[in-house]
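The values are calculated or read from the model by the stated rules, or taken from the named source; none is laboratory data. Worth saying up front: this structure is predicted, and the values here are computed from it rather than measured. As a convention, Cβ positions derive from the backbone with ideal geometry for all residues, glycine included, and neighbour counts pool all protein chains shown. With ligands, DNA and RNA removed, areas are computed over all heavy atoms of the protein, side chains included. Shrake-Rupley method; radii C 1.70, N 1.55, O 1.52, S 1.80 Å.
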Amino acid sequence: MSDPLEIRTESERKSMRPTKRNSLLIFLLVTTVAVCATLKSISTIDLPGPTGKRFDYLTIDYDDHYLLSAHLAAGLLYVIDLRTNRVVKAIPDVPGAEGVEFVPELKKVYTSNAGDNTIGVIDLKQMKVIKKLPTEAKPDGSAYAAPFHKLYVSDERGKAEAIVDVEQDRIVKTLHFDSETGMPQYDPVARKIYVNLQDQNIFAVIDPATDEVVGRYNVGKCEGNHGMALDPEHKRAFLACEGNELMTVFDLEKHQPIAFLPLAKGPDVVKFDSGLKRIYVACYSGAISVFQEEDADHFRKLEDFPVQKKVHSLAVDKDTHRAYAPEQEVDGRPAARITVYEALSGQAATLR
């Protein structure tokens, strides 16, 4: 095939030549795209555990400014001082730690230990495991209902939800379902616990006052609703649909999905920054999908921000708006570290 330029007239060729004005416009366009990313890597935190091993959930202790990070395949819980970005302690005896939940008034951390099917109780003052509670198969995500002093742990493979009285450190009830259980969340406005029933594409509601299931609602075309975050103020839940890579916005008042937005491949953990009104979804394929909540009924995707492959979890600091993502590999090489990202406020971030 001949070069398309060969059939153009001389005047057409001249019009295609870059001018100073066109070059400036191109420069400005490229610059705009470059500065309008949603996140910027600002530092890394090297971890003492073995490299190349899978991580899982993280949470933040805002009282002591600690980041609590589960190194699942290493059986460790890292306590990291966010003021210095240094590891304070690597707590052992949490085999296969997945979920991590902090109870501020008791200075205790609860880990979901899939390795021995227990819920680990950690005294953060002593920095050690003080008790283990046997539970169903593969405990995973967890949520704390502070007014009720109860912890809700999804036993994913056991198709159950274990309910822990944190004042007595004992399981007071276990709810069973006909589905594997995904991430639970506590809604402090509605005073309800929500849990994903990921095999059935159902959103279940538990009343912590009675520990009874008070509602089950279909999540529409969302398949495999596993990850979840909440915007209680606007009565919205954000669900990561692992089966068909969608982020579903669920109306907690009308009990129905209102929006479906595309995710990068391999979505898992979802976090909501209430200050910036942003939703982040960590995706195993090597991206954090970022969405903007314009208002309660309008959402838009900002970008699939590129990160290392196999990053499937993150935490977001509500005060600094920084995001923390654990990495088990860097450019294909085994690693054990957390990358710290600053949130950028550009309004024209691009889809990739």
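Contact map, region 44-56: first residue touching a residue at least 60 places away in the same chain (Cβ under 8 Å) and closer than 15 Å to TYR324 by Cα, second residue in a loop (DSSP other than H, G, I, E, B) and open to solvent by 20 Å² or more (accessible area, probe 1.4 Å), Cβ cut-off under 6 Å, separation 6 or more or different chains; pairs are ILE45/ASN85. Restricting to region 285-316, name every residue that is assigned to a loop (DSSP other than H, G, I, E, B) and either charged (D, E, K, R) or closer than 28 Å to GLU98 by Cβ (or both). Across region 285-316, the qualifying residues are SER285, GLY286, ASP297, VAL307, GLN308, LYS309, LYS310, VAL311, HIS312, SER313, LEU314. Of everything listed in (1) part of a strand (DSSP E or B); (2) open to solvent by 30 Å² or more (accessible area, probe 1.4 Å); (3) farther than 20 Å from ILE60 by Cβ; (4) not β-branched (Val, Ile, Thr), the single unmet condition for GLU161 is (2). Only one of these is among the aromatic types (Phe, Trp, Tyr) and under 17 Å from the mean Cα position of the chain (by Cα): PHE260, PHE250. Name it. PHE250 is the lone residue from the list that is among the aromatic types (Phe, Trp, Tyr) and under 17 Å from the mean Cα position of the chain (by Cα). For GLY182, the criteria (1) outside any loop (DSSP other than H, G, I, E, B); (2) under 15 Å from TYR110 (Cβ atoms) hold in every case but one, which is (2).
For a quick check of your reading: which strands (runs of 3 or more DSSP E) sit entirely within region 69-139 and have at least 2 residues that are open to solvent by 30 Å² or more (accessible area, probe 1.4 Å), touching a residue at least 24 places away in the same chain (Cβ under 8 Å) and among the hydrophobic types (A, V, I, L, M, F, W, C)? Let's see the steps before the verdict.
Values: elements: 76-81, 86-91, 97-103, 108-113, 118-123, 128-134.
Fully inside region 69-139 and qualifying: 86-91.
Could you list all residues from region 221-261 that are charged (D, E, K, R), without any contact (Cβ under 8 Å) to a residue 60 or more places away in the chain and in a strand (DSSP E or B)? Quick ask: steps written out before the conclusion?
As a first pass, look at region 221-261 and keep what is charged (D, E, K, R): 221, 223, 231, 233, 235-236, 242, 245, 251, 253-254.
Pick out the ones that are also without any contact (Cβ under 8 Å) to a residue 60 or more places away in the chain and you get 221, 223, 233, 242, 245, 251, 253-254.
If the condition is that a residue be charged (D, E, K, R), without any contact (Cβ under 8 Å) to a residue 60 or more places away in the chain and in a strand (DSSP E or B), then ASP251 is the only one that fits.
Residue pairs whose Cβ atoms lie under 8 Å apart, sitting 6 or more positions apart in sequence or on different chains, and linking a residue in region 196-220 that is open to solvent by less than 70 Å² (accessible area, probe 1.4 Å) to a partner that is part of a loop (DSSP other than H, G, I, E, B) and among the hydroxyl-bearing types (Ser, Thr, Tyr), are LEU197/SER179; GLN198/SER179; ILE202/SER179. Mind listing whichever residues of region 322-336 are assigned to a strand (DSSP E or B) and under 17 Å from the mean Cα position of the chain (by Cα)? Scanning region 322-336 gives ALA323, TYR324, ALA325, PRO326, GLU327, GLN328.
With the structure loaded, tell me whether THR248 is buried (at least 18 other Cβ atoms within 10 Å of the Cβ) and hydroxyl-bearing (Ser, Thr, Tyr) or whether it fails that test. Step through it out loud before you land on a result.
Values: buried (at least 18 other Cβ atoms within 10 Å of the Cβ): yes; hydroxyl-bearing (Ser, Thr, Tyr): yes.
In short, yes.
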